[in-house]
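The values are calculated or read from the model by the stated rules, or taken from the named source; none is laboratory data. All values reported here derive from a predicted model rather than from experimental measurement. With ideal geometry, Cβ positions are generated from the backbone for all residues, glycine too; neighbour counts draw on all protein chains shown.
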Amino acid sequence: MWSFRMFEVLASGAIPVVVSGMTLPYDDVSDAERGETAAALWRSCVVVVDPIDIVNLPTILTDIESSGRLGEMHASCDALFDRYFGESRQEFYLRPLQLFRDRIKHQLKQRARQTNL
């Protein structure tokens, strides 16, 4: 399960730093129109740290900054936020229902195709 803090981190424009093994919001959602998953976007914007490496976090973050990846990571975080959290608190609460509806529609289309074969 994930925390509302993830929404707050992304809404503030920050890059999330998470401990490995954490379930990220919507990481199992697939965007058929774009041919990508939320998990792919997460991988491009979040910093994942193993618990044993937390003591090395300052060095890890400095290395990311030195590599010039921050701009790309911010862009990925912005895209992920807009797509899965929305631009307002109201959208934040409606988005899971929309994603659930879209998932059901997709499954119904797949079943219809399989039935017509």
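Here are a few things to note about the model shown:
- Residues that are of a type outside the set (A, V, I, L, M, F, W, C), crowded, with 16+ Cβ neighbours inside 10 Å and within 23 Å of residue 51 (Cβ to Cβ), drawn from segment 8-30: 16, 25, 27
- Yes/no for residue 57 being surrounded by 11 or more Cβ atoms within 10 Å (Cβ to Cβ), out of contact with any helix residue (DSSP H, G or I) (no Cβ under 7 Å at 6 or more places or on another chain) and modelled with pLDDT of 80 or more: yes
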